[in-house]
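Participant: For reference, the structure I am asking about is given below.
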Amino acid sequence: MQITDTMAIVTGGASGLGEATARHFRERGAKVAILDRDEERGAAVAKEIGASFAAVDVTDAASAEAAIAKAKDAMGGLNALVNCAGIVTGNRILGRNGVHPLEPFVRTIEINLIGTFNMLRLAAQAMDGNEPDADGARGVIINTASIAAMEGQAGQAAYSASKAGVAGMTLPIARDLARQGIRVMAIAPGIFMTPMLESLGDEALAELSAKVTFPKRPGKAREFAHLAQTIIECAYLNGETIRIDGALRLT
């Protein structure tokens, strides 16, 4: 599949890695539908880049189904999904304020893992009716994991568990959807320059950058987007989680 033939849903497309991916795809000729909870920002980005927009709660089956149907109708089809919607939380099991609350752990799993699964299962259903290409391919799904799935730091139990789930389900879902000709991949970013990271300030950014092997800087959101494009266009990539982290290994 070439990027110019791509009709892609990007969840979390109103900001961060999702927005960068939506912009990158549109600049290269893909049709794009942005799905996000932030209706004002999502609609504004979509209008600016010539994409469509649908509001969605990725944890809700009916909301996800309606948003996918709207996106597919706007693009005239669907053959790619890039799942970028997610949250980051931080709590130690036993911290200054007591025991780790259950609610943020559950919420993190709901959005990052269950929300990812919810979107991909419904997108796969929508892709199943596509005409297969010469390889029998009907579409590709790219989920966002994290290097925290492998090397979570203190205070990252919820986030690491959610992203480990995303990485862990990649191969079995790729096997499940092989019969339908739908590839499934995951990208595991390291530290990336997103609004959340920028909010930490220059001192924290310098400290984090120093831990990266090379190049000693945070990743650029467009580098994530470029990798997503590569996955779409390379038909032999399937069932794998790719780290994009400058050889960073968290301690």
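Each value in this text was obtained by applying a stated rule to the coordinates, not by laboratory testing. Note that the structure is a prediction, hence the values are computed from the model and not measured. Methodologically, a virtual Cβ is constructed for each residue, glycine included, from the backbone with ideal geometry; neighbour enumeration extends over all protein chains shown.
Participant: In Å, the Kirkwood hydrodynamic radius of the chain over pairs of distinct alpha carbons? All intermediate terms of the calculation are to be shown ahead of the outcome.
Facilitator: Working: mean 1/r = 0.0548 Å⁻¹.
Evaluated on the chain, it is 18.3 Å.
Participant: Still on this structure: Note down the net charge around E240, summing +1 for each Lys or Arg and -1 for each Asp or Glu among other residues with Cβ under 13 Å from its Cβ.
Facilitator: That sum, taken over residues with Cβ under 13 Å, equals +3.
Participant: Please get the size of the charge dipole for the chain, origin at its Cα centre, with Cβ charges of +1 on Lys and Arg and -1 on Asp and Glu, quoted in debye to the nearest 20. Provide the component values of the computation, followed by the final result.
Facilitator: Details: 25 positive and 28 negative charges, 93 e Å.
Value, rounded to 20: 440 debye.
Participant: Helix-only mean residue ellipticity at 222 nm, the chain, DSSP H runs n ≥ 4 weighted -39,500 (n - 2.57), per residue, nearest 500. What is it?
Facilitator: Working: 10 runs with 108 residues, N = 251.
That comes out to -13000 deg cm²/dmol.
Participant: Note the angle between two axes, namely the Cα long axis of helix 39-49 and the longest principal axis of the Cα atoms of the chain, as a number of degrees from 0 to 90, rounded to the nearest 10.
Facilitator: That helix lies at roughly 60 degrees to the long axis.
Participant: Sequence gap at least 6, Cα distance under 8 Å: using those rules, report the relative contact order of the chain to the nearest whole percent.
Facilitator: Numbers: 518 pairs, mean separation 49.3, N = 251.
Relative contact order comes out at 20 percent.
Participant: Order these by the 10 Å Cβ neighbour count, fewest first: L122, L113. Walk me through the intermediate numbers first.
Facilitator: Working: L122 19, L113 22.
With the fewest neighbours first, L122, L113 line up as L122, L113.
Participant: Could you line up S162, S52 from fewest to most neighbouring Cβ atoms inside 10 Å?
Facilitator: On the way: S162 29, S52 19.
The most exposed by this proxy come first: S52, S162.
Participant: Run the count for the chain, please: Lys pairs, Cα-Cα under 19 angstrom, 8 or more apart or on different chains.
Facilitator: Values: K31/K47; K31/K70; K31/K72; K47/K70; K47/K72; K211/K220.
Count of close lysine pairs: 6.
Participant: Describe numerically, in nm with one decimal, the distance between label points set 7 Å from Cα along Cα→Cβ at D60 and at D5.
Facilitator: So the two model labels end up 3.7 nm from each other.
Participant: What is the antiparallel percent of DSSP beta bridges lying wholly in the chain, to the nearest 5? Let's see the in-between values first.
Facilitator: Details: 2 of 30 bridges.
Around 5 percent antiparallel, to the nearest 5.
Participant: What list of ³J(HN,Hα) couplings, whole Hz, do you get for segment 70-80 from phi and the Karplus terms 6.51, -1.76, 1.60, once you set θ to phi - 60° and write x for glycine and proline?
Facilitator: Couplings: 5, 5, 4, 5, 5, 8, x, x, 7, 9, 8 Hz.
Participant: Here's something else I'd like to know. Using the beta-carbon distance between T213 and D73 and R0 = 45 Å, what value does 1/(1 + (r/R0)^6) give for FRET efficiency, to the nearest 0.05? Show your work: numbers first, answer last.
Facilitator: Numbers: r = 45 Å, r/R0 = 1.01.
It comes out at approximately 0.50.
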